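Structure first, then comments.
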Amino acid sequence: MGITRRRFLGYAAGAVTMGLPFDLWRPGRSSLAPETSPRWVLLDLKEHGCLGESVSGYESALTSAGVQLMRADARWVSPSRCAVLIVPAALEIPPPAVRAIVSCLQAGASVILESGAGFAGGRDFRAHRVVLRDCLQVRIEAPVQLWSAHLCAQGIPYVDYTWPRPAKVRDFSRVVPLGRQAGEVIAWVDGLPVALQRQSGRGTLIFLGSPLGPALWAGDAEARRWLFDVLGLAQRGRASRLSKTRAADRAKRLRRGTTG
Amino acid sequence: MKKAIGDNMIAKEWGFDKGLSLVKQAGFDGIELWLGDVPWFQLSTADSEVRELRRRVADAGLVVSNVSTGLHWASPLSSRDPKVRALAVRIVEREIETAVLLGTDAILLVAGLVTAEVPYNEVYQRCLEALRPLGEKAARAGVRIGCENCNAEHRFLISPREFWQFLNDVNSPAVGIHLDVGNIHDTGFAEQWIEIHGPRITRIHVKDVMKRRGRCGDQSVYTNLFLGDNNWPAIRGAMTKVGYDGWLVAEMEARYRYAPDQQFYDTAQAMDRLIAGRL
């Protein structure tokens, strides 16, 4: 059967907009790649973040899966083009970064915001908590050390993710537990809620109170699968939103055509 | 080959100068200075005081073989806490600075610490991340970093090939191995470590080990030269094979219940026999 390149691309785009399932974790190949070029953004807070290895973790996991990722300063994030914004190991979140996060959420992006405050001193932690509460309506509690003698005797305090798929990921010694708030708790460790996801603006905010980046950096396969599942979901969500927007535009044009 | 002994073997009540004269009298050529483990050489010791230490070592007729530290057991480069890591890096930097001030070209560090809490893969990555820039710093200072094989103690880089791969990954000529022939226990053979690492060996720590004793409470597996299970003729042969002609540094536990100074004499004589190959 002959098929032109243009027609093939048309089918492929159609499949994307229809929300056909993606196979995100296939060794040697990633279907994340074609959709992603400028839209997957890793927000590097540099001196404001406290774990360079977390940034490296996300970067290495995504680039090894063939994803074209843009590592950017907050000033260079373009919310209208951003499908997924990842903010690794945030501690101090400066105003430009807050603006980028909020704008991306309003524009329909998924934002993974990872707290790096587990090891923060009192003053840094308080500032972190205030910014999260006032700017992003995320409420967190004081860091909890997981490896006390008592807990240690009970085994490894894995972080148990329940969404978008069950996953067990190595802890990072200290977590920032969540307070009571709107949204779905998506991970627990030792009975503490440590991650949530909720709709925010037209987008989705995923807050991680236990850093995932270091586990990615150390090559934790389960952490990678979890991340790719989240990103796949974000991609499908965005495709579905785009499809609805296009359908609405088409309907508008049709109405104009019939009335005009 | 020259022989040295650590200043952490000097009893605190003797003091540095008395310790130096004992080291000299026992027949050693040099002394290994342990940053943070002895009162006279701390992180807070100023440059001028470090120069003064060098003068005192020279006055005793000795030289500094290398700078070592045990501070990384409490503050490892592999810590998850960024503040602890920063301190660990600072310790290495201070070792490099003081090595230059003391006129030596080698430092020792314990590269990482695998624990139940901080798993191997993280430790590996974090140590690479720390050692690459430190290697550049050391190279600029004309100093080599020797990562000590602490095998069972740090539960990291336990086999010689694993260690070899790690050094390949660090990929810096200024980062090698400070080989301790007593630390291998029954996980391998010191002579094979020497053969595999050859030119990457910065210094060699010597002590003997009782491979079949195992540990029980505070009971140690370490002992003086020739009293344990190391194959010393094989170790000496491997040194010859790879052309190792550098420092041998005694790192013993102070085990003598009486006449503790005798351990210095016995160790120096045993090292002479080892160097001469009269085994």
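Throughout, read-outs are computed from the coordinates displayed, never taken from laboratory work. Because the structure is a prediction, the values reported are computed rather than measured. Positions of Cβ are generated from backbone atoms using ideal geometry, with glycine treated the same way; all protein chains shown enter the neighbour counts.
Among the GluC sites (Glu not before Pro) found in segment B:191-279, those both in a DSSP coil and sparsely packed, with 16 or fewer other Cβ atoms within 10 Å of their Cβ, are B:GLU253.
Among the listed pairs B:LYS137/B:LYS207; B:LYS2/B:LYS241; A:LYS46/B:LYS137; B:LYS2/B:LYS137; B:LYS3/B:LYS24; B:LYS2/B:LYS24, give every one whose C-alpha distance is greater than 20 Å.
B:LYS137/B:LYS207; A:LYS46/B:LYS137; B:LYS2/B:LYS137
When DSSP beta bridges are restricted to pairs lying wholly in chain B, around 10% turn out antiparallel.
Quick check on segment A:27-241: of the DSSP beta bridges with both residues there, what percent are antiparallel, nearest 5%?
Values: 20 of 36 bridges.
For segment A:27-241, the DSSP antiparallel bridge percentage is about 55.
Partner lysines whose Cα lies under 19 Å from the Cα of A:LYS244, excluding those fewer than 8 positions away in the same chain, are identified as A:LYS252. Along the axis of the charge dipole computed for the protein assembly as shown (Cβ charges of +1 for Lys and Arg, -1 for Asp and Glu, origin at the Cα centre), the listed residues B:SER75, B:TYR120, B:PHE28 are led at the positive end by B:TYR120. Taking every Cα-Cα distance in segment B:197-260 and sorting them into 10 Å bins starting at zero, the pair-distance distribution P(r) comes out as 18, 44, 28, 9 percent. Couplings for segment A:181-189, taken from phi via the Karplus curve 6.51 cos²θ - 1.76 cosθ + 1.60 with θ = phi - 60°, read 5, 6, x, 9, 6, 10, 7, 9, 9 Hz in order; Gly and Pro are left as x. Modelled label positions at A:GLN106 and B:SER48, each set 7 Å beyond Cα in the direction of Cβ, lie 6.1 nm from each other.
Normalised by 2.2 N^0.38 Å, where N is the number of residues, the C-alpha radius of gyration of segment A:27-241 stands at 0.94.
How would segment A:44-93 be classified by its alpha-carbon gyration tensor: rounded, prolate or oblate, with rounded meaning a/c under 1.5 and the a/b versus b/c comparison settling the rest? If you can, show how the numbers build up before the last one.
Values: a/c = 2.42, a/b = 1.10, b/c = 2.19.
The shape class here is oblate.
For segment B:117-242, what log10 I(q)/I(0) values come out of the Debye formula at q = 0.16, 0.18 1/Å, with one point per alpha carbon and no solvent? Relative scattering, expressed as log10 I(q)/I(0), comes to -0.81, -0.98. Taking the Cα centre of segment B:133-271 as reference, the dipole from Cβ charges on Lys and Arg (+1) and Asp and Glu (-1) amounts to some 100 debye. Think of the protein assembly as shown as having a plus end and a minus end, set by charges on the Cβ of Lys, Arg, Asp and Glu; of B:VAL206, A:ALA218, A:VAL102, A:VAL102 sits farthest toward the positive end of this dipole. For A:ARG71, the amide hydrogen comes within under 5 Å of the amide hydrogens of A:LEU42, counting only partners 5 or more places away or on other chains and with H modelled in the peptide plane. For the protein assembly as shown, count all C-alpha to C-alpha pairs, find those more than 41 Å apart, and express that count as a whole percent of the total. The calculated P(r) of the protein assembly as shown puts 38 percent of pairs beyond 41 Å. For chain B, what are the DSSP H helices with axial Cα length of 20 Å or more and mean Kyte-Doolittle hydropathy of at least -0.5? Counting only whole DSSP H runs, the qualifying helices are B:82-102, B:262-276.
Applying the criteria of a DSSP loop state and at most 16 other Cβ atoms within 10 Å to the trypsin sites (Lys or Arg not before Pro) of segment A:190-260 yields A:ARG202. In segment B:174-262, which trypsin sites (Lys or Arg not before Pro) fall in coil by DSSP and have 10 or fewer other Cβ atoms within 10 Å? Those satisfying the criteria are B:ARG212, B:ARG215, B:ARG257. Here segment B:149-169 is scanned for amide nitrogen atoms under 18 Å from the site 7 Å beyond the Cα of B:ARG213 along Cα-to-Cβ, giving B:151-153.
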